[in-house]
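The values are calculated or read from the model by the stated rules, or taken from the named source; none is laboratory data. Predicted, not measured: the structure shown is a model, and the values here were computed from it.
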Amino acid sequence: MSQFVYEKTYGASPGEDMVYDLEALINSYNGEQSVGCVKIGREHGRIAIAAFTLLIRRLHEGHRQSGELVVVDASSGMDKYDCRVSLISKHSVAGGLPFGCSITTSNSSVISSI
């Protein structure tokens, strides 16, 4: 009974069901924003998620010259699944501006190509 209540409240447990729930949530969010803000890719059992907010989208459109140099802050071991989180920033006169975010389950070259 408690597993049913948990899944109803928080979604599926880890595994394929969780990935399907995550894809459905991403599709719902992209539909609300009327633009693809979040993309998910899967290859050989590995997952990669790339995300940007509407603020980041506006920065891409209005601040093109800062795309020449980006800074990547990569961290791993963020959760019990050992996902890697990379925050990408670009420079400006005002300081660092958000450029994007990626979450991956592996550092392999397969994930980089997704």
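Scanning the stretch 76-94 for residues that are more than 22 Å from HIS44 (Cα to Cα) and at pLDDT 80 or above returns LEU87, ILE88, SER89, LYS90. Among the conditions (1) modelled with pLDDT under 75; (2) among the charged types (D, E, K, R); (3) more than 27 Å from ASN107 (Cα to Cα), ARG58 misses just one, which is (1).
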